[in-house]
Amino acid sequence: MAAITKASVNLITDDYLIVCEGSGDVAFVKYLCRERTITGYCVEETGSGNSGFYRYFDGLHARSDADRLKGVIVISDNDEAPDKSFDAVRSQLKKAKVPHPDNPMEIARQTSLGFCVMVMMVPFSTAGRSKGCLETILLEAAVDRHPALAKCVQEYSACAGATGWAKCGSIDKLRLRCLLSAAVPEDPNLGLQYALNPDRGLIPLGAACFDEIANELRQFIAKVR
(Lines give C-alpha, C1' and ligand atoms only; values in the text may rest on other atoms or scores of the structure.)
Protein backbone atom coordinates (compact mmCIF):
# COMPACT_ATOMS: atom_id res chain seq x y z
CA MET A 1 0.00 0.00 0.00
CA ALA A 2 1.25 3.48 -0.83
CA ALA A 3 2.38 5.89 1.85
CA ILE A 4 -0.61 7.74 3.23
CA THR A 5 -0.52 11.50 3.19
CA LYS A 6 -2.54 14.30 1.65
CA ALA A 7 -3.57 14.01 -1.97
CA SER A 8 -1.39 16.90 -3.06
CA VAL A 9 1.72 14.96 -2.02
CA ASN A 10 1.13 11.42 -3.23
CA LEU A 11 0.64 9.73 -6.53
CA ILE A 12 -2.26 7.34 -6.88
CA THR A 13 -0.51 3.99 -7.03
CA ASP A 14 -3.49 1.59 -6.97
CA ASP A 15 -6.63 1.13 -9.05
CA TYR A 16 -8.89 1.72 -6.06
CA LEU A 17 -8.97 4.76 -3.82
CA ILE A 18 -10.39 5.51 -0.37
CA VAL A 19 -10.95 9.16 0.50
CA CYS A 20 -11.37 10.10 4.17
CA GLU A 21 -11.95 13.27 6.16
CA GLY A 22 -8.68 13.45 8.08
CA SER A 23 -5.51 11.80 9.33
CA GLY A 24 -7.20 9.69 12.02
CA ASP A 25 -9.56 8.17 9.49
CA VAL A 26 -6.69 7.50 7.10
CA ALA A 27 -4.69 5.74 9.81
CA PHE A 28 -7.72 3.62 10.70
CA VAL A 29 -8.23 2.49 7.11
CA LYS A 30 -4.52 1.91 6.58
CA TYR A 31 -4.09 -0.27 9.64
CA LEU A 32 -7.42 -2.04 9.22
CA CYS A 33 -6.39 -3.07 5.71
CA ARG A 34 -3.01 -4.20 7.01
CA GLU A 35 -4.50 -6.26 9.82
CA ARG A 36 -7.23 -7.79 7.65
CA THR A 37 -4.94 -8.37 4.62
CA ILE A 38 -6.99 -6.13 2.35
CA THR A 39 -4.96 -4.89 -0.60
CA GLY A 40 -5.45 -2.81 -3.74
CA TYR A 41 -6.27 0.57 -2.17
CA CYS A 42 -4.53 3.91 -2.08
CA VAL A 43 -5.81 6.04 0.83
CA GLU A 44 -5.97 9.84 0.95
CA GLU A 45 -7.61 12.57 3.01
CA THR A 46 -9.39 15.79 2.16
CA GLY A 47 -7.61 17.52 5.04
CA SER A 48 -10.76 19.63 5.52
CA GLY A 49 -13.13 17.27 7.27
CA ASN A 50 -16.51 16.39 5.77
CA SER A 51 -16.71 19.75 3.98
CA GLY A 52 -13.62 19.06 1.89
CA PHE A 53 -14.92 16.44 -0.53
CA TYR A 54 -15.90 18.91 -3.25
CA ARG A 55 -12.47 20.50 -3.33
CA TYR A 56 -10.79 17.10 -3.28
CA PHE A 57 -12.78 15.64 -6.17
CA ASP A 58 -12.74 18.84 -8.17
CA GLY A 59 -8.95 18.63 -8.01
CA LEU A 60 -8.99 14.93 -8.82
CA HIS A 61 -10.09 15.72 -12.39
CA ALA A 62 -6.77 17.46 -13.04
CA ARG A 63 -4.58 14.65 -11.75
CA SER A 64 -3.08 12.56 -14.51
CA ASP A 65 -2.64 9.64 -12.12
CA ALA A 66 -6.42 9.47 -11.62
CA ASP A 67 -6.83 7.89 -15.06
CA ARG A 68 -6.02 4.49 -13.60
CA LEU A 69 -8.87 4.57 -11.09
CA LYS A 70 -11.63 1.98 -11.30
CA GLY A 71 -13.40 2.69 -8.02
CA VAL A 72 -13.47 5.17 -5.15
CA ILE A 73 -14.87 4.79 -1.63
CA VAL A 74 -15.70 7.94 0.30
CA ILE A 75 -15.75 7.52 4.09
CA SER A 76 -17.44 10.14 6.28
CA ASP A 77 -19.10 10.40 9.70
CA ASN A 78 -22.84 10.16 10.32
CA ASP A 79 -22.58 12.65 13.20
CA GLU A 80 -25.94 13.57 14.75
CA ALA A 81 -28.06 13.39 11.59
CA PRO A 82 -27.06 10.44 9.36
CA ASP A 83 -29.36 11.35 6.46
CA LYS A 84 -28.32 15.00 6.49
CA SER A 85 -24.64 14.08 6.70
CA PHE A 86 -24.91 11.74 3.72
CA ASP A 87 -26.78 14.36 1.68
CA ALA A 88 -24.00 16.86 2.41
CA VAL A 89 -21.40 14.44 1.05
CA ARG A 90 -23.50 13.52 -1.97
CA SER A 91 -24.11 17.16 -2.92
CA GLN A 92 -20.35 17.79 -2.92
CA LEU A 93 -19.75 14.80 -5.19
CA LYS A 94 -22.50 15.97 -7.53
CA LYS A 95 -21.06 19.48 -7.63
CA ALA A 96 -17.64 18.05 -8.45
CA LYS A 97 -19.20 16.10 -11.33
CA VAL A 98 -18.25 12.64 -10.14
CA PRO A 99 -20.58 9.66 -9.62
CA HIS A 100 -22.87 10.33 -6.64
CA PRO A 101 -24.94 7.43 -5.24
CA ASP A 102 -28.48 8.01 -3.97
CA ASN A 103 -27.85 6.07 -0.76
CA PRO A 104 -24.91 4.98 1.40
CA MET A 105 -23.24 1.73 0.33
CA GLU A 106 -24.66 1.95 -3.19
CA ILE A 107 -22.25 2.03 -6.12
CA ALA A 108 -22.75 4.90 -8.59
CA ARG A 109 -21.39 4.59 -12.10
CA GLN A 110 -21.01 7.25 -14.76
CA THR A 111 -20.13 6.53 -18.36
CA SER A 112 -18.09 9.71 -18.82
CA LEU A 113 -15.67 8.73 -16.04
CA GLY A 114 -13.64 5.60 -15.66
CA PHE A 115 -14.37 5.06 -11.97
CA CYS A 116 -17.40 4.41 -9.82
CA VAL A 117 -18.06 5.77 -6.32
CA MET A 118 -19.48 4.34 -3.09
CA VAL A 119 -20.09 6.37 0.08
CA MET A 120 -19.61 4.64 3.43
CA MET A 121 -21.02 6.56 6.37
CA VAL A 122 -19.74 5.51 9.80
CA PRO A 123 -20.74 4.06 12.16
CA PHE A 124 -21.68 1.61 9.42
CA SER A 125 -23.89 -1.41 9.94
CA THR A 126 -26.00 -3.49 7.61
CA ALA A 127 -28.71 -3.14 10.28
CA GLY A 128 -29.10 0.56 9.45
CA ARG A 129 -27.68 4.03 10.01
CA SER A 130 -26.81 5.26 13.48
CA LYS A 131 -25.53 8.47 15.03
CA GLY A 132 -21.86 8.87 15.80
CA CYS A 133 -18.46 8.98 14.18
CA LEU A 134 -15.36 6.85 13.70
CA GLU A 135 -14.49 7.32 17.37
CA THR A 136 -17.80 5.67 18.28
CA ILE A 137 -16.59 2.39 16.79
CA LEU A 138 -13.02 2.81 18.00
CA LEU A 139 -14.30 3.38 21.54
CA GLU A 140 -16.18 0.08 21.45
CA ALA A 141 -12.99 -1.82 20.64
CA ALA A 142 -10.88 0.18 23.09
CA VAL A 143 -13.33 -0.43 25.93
CA ASP A 144 -13.12 -4.18 25.35
CA ARG A 145 -9.31 -3.97 25.46
CA HIS A 146 -9.16 -1.76 28.57
CA PRO A 147 -12.25 -2.56 30.71
CA ALA A 148 -10.79 -1.21 33.97
CA LEU A 149 -9.91 2.14 32.40
CA ALA A 150 -13.27 2.25 30.65
CA LYS A 151 -15.03 2.26 34.01
CA CYS A 152 -12.95 5.22 35.17
CA VAL A 153 -13.58 7.09 31.92
CA GLN A 154 -17.32 6.51 32.24
CA GLU A 155 -17.28 7.95 35.75
CA TYR A 156 -15.19 10.92 34.65
CA SER A 157 -17.46 11.79 31.72
CA ALA A 158 -20.46 11.74 34.07
CA CYS A 159 -18.65 13.91 36.64
CA ALA A 160 -17.63 16.39 33.92
CA GLY A 161 -21.21 16.63 32.70
CA ALA A 162 -20.35 15.18 29.29
CA THR A 163 -23.18 12.66 29.45
CA GLY A 164 -25.54 15.58 28.95
CA TRP A 165 -23.83 16.88 25.83
CA ALA A 166 -26.05 17.22 22.78
CA LYS A 167 -23.70 15.40 20.40
CA CYS A 168 -23.10 11.73 21.07
CA GLY A 169 -20.05 11.82 18.80
CA SER A 170 -18.47 14.48 21.02
CA ILE A 171 -19.03 12.29 24.07
CA ASP A 172 -17.40 9.33 22.33
CA LYS A 173 -14.43 11.47 21.31
CA LEU A 174 -13.95 12.64 24.88
CA ARG A 175 -14.15 9.12 26.27
CA LEU A 176 -11.76 7.71 23.70
CA ARG A 177 -9.28 10.54 24.28
CA CYS A 178 -9.39 10.02 28.05
CA LEU A 179 -9.03 6.27 27.74
CA LEU A 180 -6.05 6.50 25.39
CA SER A 181 -4.37 9.13 27.57
CA ALA A 182 -4.70 6.88 30.61
CA ALA A 183 -3.48 3.85 28.67
CA VAL A 184 -0.28 5.60 27.51
CA PRO A 185 1.21 7.31 30.59
CA GLU A 186 4.50 7.96 28.79
CA ASP A 187 2.66 10.01 26.13
CA PRO A 188 -0.89 10.91 27.23
CA ASN A 189 -1.24 13.29 24.31
CA LEU A 190 -0.62 10.54 21.74
CA GLY A 191 -2.46 11.37 18.53
CA LEU A 192 -5.19 9.04 17.28
CA GLN A 193 -3.30 8.25 14.08
CA TYR A 194 -0.46 6.86 16.21
CA ALA A 195 -2.67 5.19 18.79
CA LEU A 196 -4.26 3.16 15.98
CA ASN A 197 -0.98 1.44 15.18
CA PRO A 198 -1.68 -2.22 16.08
CA ASP A 199 1.87 -2.57 17.40
CA ARG A 200 0.80 -0.44 20.38
CA GLY A 201 -2.02 -2.79 21.31
CA LEU A 202 -4.40 0.04 22.21
CA ILE A 203 -7.27 -0.51 19.77
CA PRO A 204 -7.60 -4.09 18.45
CA LEU A 205 -8.53 -3.84 14.77
CA GLY A 206 -9.39 -7.52 14.73
CA ALA A 207 -12.43 -6.74 16.91
CA ALA A 208 -15.83 -7.82 15.63
CA CYS A 209 -17.10 -4.23 15.52
CA PHE A 210 -14.87 -3.65 12.48
CA ASP A 211 -15.94 -6.78 10.58
CA GLU A 212 -18.64 -5.17 8.44
CA ILE A 213 -16.39 -2.31 7.36
CA ALA A 214 -13.58 -4.71 6.46
CA ASN A 215 -15.98 -6.94 4.53
CA GLU A 216 -17.30 -4.01 2.50
CA LEU A 217 -13.80 -2.83 1.64
CA ARG A 218 -12.90 -6.31 0.47
CA GLN A 219 -16.12 -6.83 -1.52
CA PHE A 220 -16.06 -3.44 -3.22
CA ILE A 221 -13.13 -4.34 -5.41
CA ALA A 222 -14.74 -7.63 -6.37
CA LYS A 223 -17.99 -5.84 -7.29
CA VAL A 224 -16.48 -3.22 -9.58
CA ARG A 225 -13.56 -5.14 -11.04
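Counting only DSSP beta bridges with both residues in the chain, the antiparallel share comes to about 15 percent. Taken as Cα centroids, the stretch 49-63 and the stretch 205-225 sit 24 Å apart, rounded to the nearest whole angstrom.
Which part of the stretch 81-105 falls in the paramagnetic zone of His61, meaning amide N under 19 Å from the point 7 Å along Cα-to-beta-carbon? Answer for this model: 89-101. For Lys223, a cut-off of 19 angstrom between C-alpha atoms picks up these aspartates and glutamates, skipping any fewer than 8 places away in its own chain: Asp14, Asp15, Asp102, Glu106, Asp211, Glu212. Straight Cα distances below 22 angstrom link Lys97 to the lysines Lys6, Lys70, Lys84, with same-chain residues fewer than 8 positions distant left out.
Accessible area per residue for the stretch 1-103, computed on protein heavy atoms with a 1.4 Å probe, is 44 Å². Using only side-chain charges placed at the Cβ, +1 for Lys and Arg and -1 for Asp and Glu, the dipole size of the chain relative to its Cα centre rounds to 420 debye. For the stretch 141-225, the solvent-accessible area with a 1.4 angstrom probe is 53 square angstrom per residue. Backbone phi angles across the stretch 12-17, fed through the Karplus curve with coefficients 6.51, -1.76 and 1.60 (θ = phi - 60°), yield HN-Hα couplings of 7, 10, 10, 7, 10, 10 Hz in residue order; Gly and Pro are listed as x. Size descriptors for the chain: radius of gyration and Dmax over Cα atoms are 17.6, 56 Å. Label sites at Ala222 and Ala88, each approximated as a point 7 angstrom past Cα along Cα to Cβ, lie 3.4 nm apart. In the stretch 176-225, what percent of the accessible surface is made up of carbon and sulfur (1.4 Å probe, ligands and nucleic acids excluded)? Here it works out to 47 percent. Cross-link reach is defined here as a Cα-Cα straight distance under 17 Å, omitting same-chain residues fewer than 8 places apart; for Lys151 the aspartates and glutamates meeting it are Glu140, Asp172. Which percent of the accessible area of the stretch 28-151 is formed by carbon and sulfur heavy atoms (probe 1.4 angstrom)? For the stretch 28-151, the apolar C and S fraction of the accessible surface comes to 48 percent. The amide H of Val122, built 1.01 Å from its N in the peptide plane, has Ser76, Asp77, Asn78 as neighbours under 5 Å, considering only residues 5 or more places off or on other chains. Looking at the square roots a ≥ b ≥ c of the eigenvalues of the Cα gyration tensor of the stretch 128-225, which shape do they give, rounded for a/c under 1.5, prolate if a/b is larger than b/c, or oblate? It comes out oblate by the Cα gyration axes. Cβ-Cβ distance of Asn103 and Arg200, R₀ of 25 Å, FRET efficiency by 1/(1 + (r/R0)^6): the value works out to about 0.10.
The values are calculated or read from the model by the stated rules, or taken from the named source; none is laboratory data. Since we're looking at a predicted model, the values are computed, not measured. Using ideal geometry, Cβ is built from the backbone for each residue, glycine included, and neighbour counts are taken over all protein chains shown. The protein model used for the area step is the full one, side chains on, heavy atoms only, and it has no ligands, DNA or RNA in it. Shrake-Rupley method; radii C 1.70, N 1.55, O 1.52, S 1.80 Å.
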